[in-house]
1. Which residue fluctuates the most in the chain, going by a Gaussian network model with Cα springs under 10 Å, if the choices are G151, G116, G31?
2. Treat each spin label as a single point 7 Å out from the Cα along the C-beta direction, and report the E32 to Q214 distance in nm.
3. Would you give the gap between the C-alpha center of region 162-233 and the C-alpha center of region 128-146, rounded to a whole Å?
4. In region 168-233, what is the volume of the convex hull around the alpha carbon atoms, normalised per residue and reported in Å³?
5. Spin-label point model (7 Å from Cα, Cβ direction): what's the K59 to K92 distance in nm?
6. What size of dipole, in debye to the nearest 20, comes out for region 3-54 about its Cα centre when the only charges are +1 on Lys and Arg C-beta atoms and -1 on Asp and Glu C-beta atoms?
7. Full-extension gain between K130 and M1, please, as 0.36 nm times their residue separation minus the C-alpha to C-alpha distance.
8. Mind checking the full-extension length gain between L169 and K228? Use 0.36 nm per residue of separation minus the Cα-Cα distance, one decimal, nm.
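Rule-based calculations on the coordinates, nothing more; no lab input. Since the model is a prediction, treat every value here as computed from it, not as a measurement. Cβ atoms come from the backbone with ideal geometry, glycine included; neighbour counts cover every protein chain shown.
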Amino acid sequence: MRLDKFFSETSTLSRSECSKAVKKGEITVNGEIIKKADFKVDEFKDEIRYKGEVINYSKYIYIMLNKPEGVVSATEDGRDKTVLDLLPENYKNRGLFPCGRLDKDTLGLVILTNDGISAHNSLSPKRHFKKTYYFKTAEKFSDEDVKKIEGGITLADGYTTKPCEIKRLNDKEGEIILTEGKYHEIKRLFGARGNKIVYLERIKFGDISLGELQRGEWRFLSEDEIKKFTASK
Ligand code: URA
C-alpha cells in the first residue's frame, strides 16, 4: 500500500498532509526517513512512525456517535440526514455502516464500523449483547407492566419478544435492556400494554457507554471498547 494511503486509512493524515510531512522528514519506515509519499509499505509488517510515534494499521474502523433526533440510521437516504452525514467527508467511502438501527426519533449511541462480522455478532440475540435504553412513557406504568414486558410479549404480528430487563426509575421513566432489536421493539412492547413511549435514548451498547460524548458528536472507540465490541468474533 502507498504511504499516503496508509496514513489516510489510519485517519492520521490526509494524503496532502502526508506529502507535507514527507517533505519535512517527519515520517520513517523501519527507521529510515521516507522521501516520497507514494513509497510502498507493508501495512502489517513495517514499523511506520509519524513524528516518532508508531502508527498501527487496522483494517477496520470503529466509531461511536451520539445520534440526534431526525437523523436516520442508514448509509444513504433521499430525504433525511443519515448518521454517515455526521462524519467528516473522508469517512464516507470507507464502507462504514451503522450497527443496528435506531428509529429516526430515537437518540443516542450508534456504533459505525466496516467490520461486518463483529457488527453481525453484536446484533445476534444468541450472543446476548445487551443494549440499554433510557425511556419515558406517556402514562404511568405498573409493576405488572414491567413483569409482563420482561417475560416477553406476543406482539400484533405474532412475534414473541425475548425476555428483557427493566429498571424502573419512577412511574413514567426507566431503563430497559434488550438482547435483540426488532423493529420499533420498545415502542411496541409498551404499546401492547396500552402505553406510549414519548422519549427513547440508547445509552449503552454491550458495556460501551456514551460517556461525555455530546449529541451529534462522534469519536473513535478506544482500544478497550474495540476489544469489548469485537469480543464475540
Ligand atoms: N426500540 C424502539 O422502539 N425504537 C428504537 O429506536 C430502538 C428500540
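1. In this elastic network of the chain, the residue with the biggest mean-square fluctuation among G151, G116, G31 is G31.
2. Simple spin-label model gives 4.6 nm for this pair.
3. 10 Å
4. Values: hull volume 8.7 nm³, N = 66.
Normalising the Cα hull of region 168-233 by residue number yields 132 Å³.
5. 2.7 nm
6. Working: 11 positive and 11 negative charges, 59 e Å.
Dipole size: approximately 280 debye.
7. On the way: separation 129, 0.36 × 129 = 46.44 nm, distance 3.79 nm.
Full-extension gain reported as 42.6 nm.
8. Details: separation 59, 0.36 × 59 = 21.24 nm, distance 2.74 nm.
Going from the current span to full extension adds 18.5 nm.
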